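Take a look at the structure set out below.
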Amino acid sequence: MSSPKVLFGFHAVGVRLKTAPASIIEVYVDPTRRDARMKQFLTRAAEAGVRVIEADGPRLVKLTGSAGHQGVAARVQAVEGVRTLDELLDDLQEAGTVPLLLVLDGVTDPHNLGACLRVADGAGAHAVIAPKDHAAGINATVAKVASGAAETVPYFMVTNLARTLNELKERSIWVTGTSDDADRTLYDVDFKGPTALVLGAEGPGMRQLTRKTCDQLVRIPMMGAVESLNVSVASGVCLYEARRQRGV
């Protein structure tokens with residue numbers, strides 16, 4: 001069994017309470033917080049039969065490594081989900097579901113990754129894919145920012161991103177990259193079929209090999225003075241356009 005990990009914040013711990021309460025070893029709460037939100041949370045924890053331990057602010061900071069814990073943290077065991085990207089794609093194919101994937105190339109900021117996972121969950125993306133090198137992994141900060149989405153959206157870190165994109169193409173998944181200098185906008189292309197949307201980090205964007213591997217490039221129209229959007233915002237724009245085209 002893998003080592004326990006720490007979740008913190010009402011959303012992250014609340015989603016685990018809802019989806020896999022048996023995986024929670026114990027919950028820590030700040031006893032000085034007695035507002036309605038905390039009372040509601042404690043009621044849910046009691047209904048789930050989870051052990052609750054009182055912990056003051058300094059102890060919660062030490063446990064979570066963050067001052068943004070909101071007075072709530074939990075030690076949890078990993079929840080077994082889809083083990084590989086291939087298994088996920090096989091399951092989608094068997095169910096007759098059209099894949100919608102988000103690929104992040106070079107997103108190293110855990111806050112950005114957490115926000116991207118939250119957007120992916122909201123838009124119904126089936127997975128988020130990133131390279132093992134030059135990318136953020138799932139940690140407590142990512143889980144907090146993701147507001148529970150780190151528990152619901154499969155996140156696959158692959159050894160060779162270009163090779164993975166080629167494997168997606170072999171499965172007839174159309175790989176669309178985003179670039180400020182693309183000739184067409186995302187509103188000019190069809191996302192109703194199997195789709196993988198590739199976004200790079202702010203500034204450098206996608207790496208050259210990633211860019212060359214894409215089937216097509218699109219841009220998000222920028223009407224004001226700023227040149228680009230935050231990667232999580234751009235992910236939301238792209239994913240929801242795909243969702244809109246599919247009839248939501």
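Here the spin labels are modelled as points 7 Å beyond Cα on the Cα-Cβ line, and at Val248 and Arg59 they lie 4.6 nm apart.
Show that you can apply the helix-only estimate: for the chain, add -39,500 (n - 2.57) for every DSSP H stretch of four or more residues, divide by all residues, and state [θ] at 222 nm to the nearest 500.
Values: 10 runs with 97 residues, N = 248.
Calculated mean residue ellipticity at 222 nm is -11500 deg cm²/dmol.
Accessible surface area normalised per residue over segment 36-93 is 61 Å², counting heavy atoms of protein chains with a 1.4 Å rolling probe.
Length available on full extension from Glu47 to Asp35: 0.36 nm per residue minus the Cα-Cα distance, which gives 2.5 nm. Ligands, DNA and RNA left out, the 1.4 Å accessible surface of segment 21-107 is 49% carbon and sulfur atoms. The slack between Lys5 and Ala22, meaning 0.36 nm per residue of separation minus the straight C-alpha distance, is 4.7 nm. Across the chain, Cα pairs under 8 Å and at least six residues apart give a relative contact order of 20 percent. How tilted is helix 161-170 with respect to the longest principal axis of the chain? Cα atoms for both, answer in degrees (0 to 90, nearest 10). Result, in degrees: 70. Protein-only accessible surface at a 1.4 angstrom probe places the residues Met38, Met206 in the order Met206, Met38, largest first.
Please work out the FRET efficiency for the pair Tyr187 and Val98, using the Cβ-Cβ distance as r and a Förster radius of 25 Å; give the result to the nearest 0.05. The partial results should precede the final answer.
Working: r = 19 Å, r/R0 = 0.78.
The pair Tyr187/Val98 has a calculated efficiency of 0.80.
Between helix 36-47 and the chain there is an angle of about 80 degrees, using the helix long axis and the longest principal axis of the Cα atoms. Assuming charge only on the beta carbon of Lys and Arg (+1) and of Asp and Glu (-1), the dipole of the chain about its Cα centre is about 740 debye to the nearest 20.
Among the trypsin sites (Lys or Arg not before Pro) within segment 10-89, those in coil by DSSP and having at most 15 neighbouring Cβ atoms inside 10 Å are Arg33, Arg34, Arg51, Arg83. In this label model, Asp133 and Leu209 are separated by 0.7 nm, measuring between points 7 Å along each Cα→Cβ vector. When the GluC sites (Glu not before Pro) in segment 196-248 are filtered for DSSP coil states and for at most 10 other beta-carbon atoms within 10 Å of their beta-carbon, the remaining sites are Glu227. Projecting the Cα positions of Leu102, Met222, Gly124 onto the charge dipole of the chain (unit charges on Cβ atoms of Lys, Arg, Asp and Glu, taken about the Cα centre) puts Gly124 furthest along the positive direction.
Quick check for you: with a 1.4 Å probe and neighbouring chains kept, what is the accessible area per residue of segment 110-196, in Å²? Write down the numbers at each step before the final one.
Details: 3710 Å² over 87 residues.
Ligands and nucleic acids excluded, the result is 43 Å² per residue.
Values (i) 53, 52, 26; (ii) 57, 46, 35; (iii) 58, 40, 29 are given for comparison; Cα extents along the principal axes in Å, derived from the coordinates here, is the one labelled (ii).
The values are calculated or read from the model by the stated rules, or taken from the named source; none is laboratory data. The model shown is predicted, which means the values in this text are computed figures rather than measured ones. No Cβ is skipped: glycine too gets one built from the backbone with ideal geometry, and neighbour counts run over all protein chains shown. Areas reflect the complete protein model, heavy atoms only, side chains present, ligands, DNA and RNA absent. Shrake-Rupley method; radii C 1.70, N 1.55, O 1.52, S 1.80 Å.
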